[in-house]
Amino acid sequence: MDTTKAPKPPGRPEKVNRSLNRPLTPKQLKCLKALHWYITRHGIAPTQEELSKMLGLKAKQGCKGYLDALVKKKYIKRDKDAWRGLTVLIHPLEAERQSHLMLRRDAQTKRELGK
């Protein structure tokens with residue numbers, strides 16, 4: 001029995017992770033800044049409950065959606081085996097600059113297409 005994988009048919013584009021090219025929302029940026037501040041100050045990542053309190057959210061798990069988006073966009077890394085296993089990969093100021101540049105580029109593209 002042949003166990004080799006068949007090659008992908010030609011002409012099919014590779015899957016592109018479009019979330020990497022999307023700027024952070026203001027709430028995601030606020031979450032990233034709070035996470036970075038806490039880790040810098042305490043040397044360990046906050047629990048989701050602590051992070052939710054810092055963000056002013058009522059639910060203990062309220063920040064989960066923000067964290068999932070930051071992981072998907074590769075701004076933070078989550079180690080599922082570690083307790084408080086969050087690591088900031090991109091400094092919040094750099095993330096804010098990148099988001100601002102992406103928004104400017106998108107606005108410029110829309111203006112050019114509108115002409």
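Couple of notes before you dig in:
- With a simple spin-label model that places each label point 7 Å from the Cα along the Cα-to-Cβ direction, the separation between LYS77 and LEU103 comes to 2.9 nm.
- Computed over the Cα atoms of the stretch 24-114, pair by distinct pair, the Kirkwood hydrodynamic radius stands at 14.0 angstrom.
None of the figures in this text is laboratory data; all of them are computed from the coordinates on show. On a predicted model such as this, the values are computed, not experimentally measured, just so you know. Cβ coordinates were reconstructed from backbone atoms using ideal geometry, including for glycine residues, and neighbour counts include every protein chain displayed.
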